[in-house]
Amino acid sequence: MDVVVTIPINNEQNSLARKKSKIRVYCEEFCSKTGIHGTPMHLWDMPFPAVTICPEAKIKATKFKLENEDKLWNKLIDVLMFCRRNTSMTKLSPIPQHVVDLNTIKYLLTYVPSLKDIIHYTEPSEYINFFSPTLTNFGECYTFNMIDKSELFNDITYLYENHSVHRKSCYWSVDDNYVITKNNTIPVRATAISDIFFLSLHTLVLEKNEQCNSNDGYKIILHHPADIPTLLFQQSVPIALSSNYKILIRPEVTVTSDNLKKYDPHRRHCFYSRERSLKFFKTYTKHNCKIECLANYTLSECHCVPYFLPHEKSTTICSLVDASCASNCEKHMFHMDMEAEIDDEGPNILRVCDCLPLCTLINYNTQVHHNKVGRVPGQPLSRSEVEIGYKEMEFPIMERQELFSNADFWANCGGLLGLFTGFSVVSLAEIIYYLSIRWICDLCCFGERILRKRDH
């Protein structure tokens, strides 16, 4: 009987142990290790999180004004797809049937704020060139430090022009707990706690569109470089205008011992990326799996897919008329984890999707410090500054490994037998001796004498 657990362990010692004999590794793991000790994992051993910035202003007011005019009726319905879900639609009821296609989304992208409208500058300064637009449920956003679309998506996935274009990765290996190297890596990594990613964000107050969205500022998502950004299953940090923010990262890393590779994924409760293939994604993560699951579920229930979910070129895009159906599918997905735990035999779309976490898992937990600064009166430009960095230079990691292997199981059985019956290896040897060797010896030595007695 084998039980898989997660215990703290040292990354450097784990790497050295792989080079040693199995007997020596066993002694080190079970005889000398107690809890967390030794040198923990360093921040340069893992990728810096991808940073996605989503402006609250979805549509530039100077480019498009939401007015209820007949000539703008279809455009008005299209634009509202980029607005928040709580947008008042009383003036639009009843909403007429309206076809949304890829050209519709391309048309909408001409009205969204550009990267220059959002980011004033970055430090390091060259990082501003590495942002790429990406579509989310929060409209058009811009992402830094993700892997390129050629490594993330399959060819069947339709992507809009210039979206999800990033630098090709190097020294990147998810299944092998990433590569420890002194060379420059893509996605980028921090080399010291002083490595801060600085963002100066600005917004023209006159560009705010009250009919589309009444909020100001931005939302920032810190996520794994192989996860597509979305506010459905990821936490975001709200950024107000005319404010300074310091976002400190404390990662939670879980790796998997090599001796669990022989296990079935559902016994070890995780997938290696090569063990699980997805329809739309080349790189498996639990987040991408749930996004694909939601896309397939929405398509089956609503016969369309929201513009921000992965889809094929021929798939029907959900219009404003289908927003209610798509929203219900999202809400249903949020409750499926609980339903699957309570009723482990009932039908559940998440169980069908089989979205286990990666065997090498990184969660970027954040701690936010914020202080408000006044905006200069009469100035149409409002600016916020954001610093993103690690809270500590080193941190412990967790490792999945066997708590009870087959050898431990049989050893425990032997210990129980010895405790309650006095049974031991010597006792077993005696039983074998008396049932086999002793009987054969007696037969050889005294067999003729016994036969003579019978004859007389």
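The values are calculated or read from the model by the stated rules, or taken from the named source; none is laboratory data. Not measured: the values here are computed from a predicted model. When we count neighbours, we look across all protein chains shown, and the Cβ atoms used for this are built from the backbone with ideal geometry, even at glycine.
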Condition check for SER164: exposed (fewer than 15 other Cβ atoms within 10 Å of the Cβ) and small (Gly, Ala, Ser): no
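Residue-wise test of (1) at pLDDT below 70; (2) under 21 Å from the mean Cα position of the chain (by Cα).
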site: TYR364; (1), (2): no, yes
site: GLN379; (1), (2): yes, no
site: GLU385; (1), (2): no, no
site: MET393; (1), (2): no, no
site: ILE397; (1), (2): no, yes
Checking ARG351 against (1) of a type outside the set (Ser, Thr, Tyr); (2) within 23 Å of TYR272 (Cα to Cα); (3) modelled with pLDDT of 90 or more, the condition it does not meet: (3)
Inter-residue pairs, beta-carbon under 6 Å, first over 28 Å from TYR284 (Cα atoms) and in segment 359-375, second at pLDDT 90 or above and of a type outside the set (S, T, N, Q), 6+ apart: VAL368/VAL237; VAL368/ILE247; HIS369/LYS246; HIS370/TYR245
Residue in segment 196-213 that is in a loop (DSSP other than H, G, I, E, B) and either at pLDDT 90 or above or within 24 Å of LEU248 (Cβ to Cβ) (or both) present: yes
Every residue from segment 78-124 that is touching a strand residue (DSSP E or B) at 6+ places or on another chain (Cβ under 8 Å), closer than 15 Å to CYS141 by Cα and either at pLDDT 85 or above or acidic (Asp, Glu) (or both): ILE105, LEU109, VAL112, PRO113, LEU115, ASP117, ILE118, ILE119
Residue check for ASN177: surrounded by 14 or more Cβ atoms within 10 Å (Cβ to Cβ), at positive phi, at pLDDT 90 or above and not charged (D, E, K, R): no
Positions within segment 277-293 being crowded, with 18+ Cβ neighbours inside 10 Å and assigned to a loop (DSSP other than H, G, I, E, B), in sequence order: LEU278, PHE280, LYS282, THR283, TYR284, THR285
Test result for SER242, touching a Ser or Thr at 6+ places or on another chain (Cβ under 9 Å) and on the phi > 0 side of the Ramachandran plot: yes
Among the candidates SER327, SER314, residue that is over 17 Å from the mean Cα position of the chain (by Cα), more than 23 Å from GLN234 (Cβ to Cβ) and of a type in the set (Gly, Ala, Ser): SER314
Close pairs (8 angstrom Cβ cut-off, 6 or more residues apart or separate chains): surrounded by fewer than 12 Cβ atoms within 10 Å (Cβ to Cβ) in segment 407-434, at pLDDT below 75 and part of a helix (DSSP H, G or I) anywhere: VAL425/GLY414
Qualifying residue in segment 154-171 (condition: part of a strand (DSSP E or B), modelled with pLDDT of 90 or more and more than 22 Å from VAL305 (Cβ to Cβ)): no
Leading residue by the ranking (modelled with the lowest pLDDT) among those in segment 26-47 that are under 30 Å from GLN234 (Cβ atoms), touching a strand residue (DSSP E or B) at 6+ places or on another chain (Cβ under 7 Å) and not in a helix (DSSP H, G or I): ILE36
Matching residues, segment 102-149, being under 25 Å from the mean Cα position of the chain (by Cα), in a helix (DSSP H, G or I) and under 21 Å from TYR307 (Cβ atoms): LYS149
Selected residue (criterion: farthest from the chain's Cα centre (by Cα)) from residues of segment 214-243 that are farther than 16 Å from THR366 by Cα and in a strand (DSSP E or B): SER243
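Condition check ((1) at pLDDT below 90; (2) over 24 Å from ILE147 (Cβ atoms); (3) crowded, with 16+ Cβ neighbours inside 10 Å) across all residues:
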{"position": "ALA295", "(1), (2), (3)": "no, no, yes"}
{"position": "PRO306", "(1), (2), (3)": "no, no, yes"}
{"position": "LEU309", "(1), (2), (3)": "no, no, yes"}
{"position": "GLU339", "(1), (2), (3)": "yes, yes, yes"}
{"position": "ASP343", "(1), (2), (3)": "yes, yes, no"}
{"position": "CYS355", "(1), (2), (3)": "yes, no, yes"}
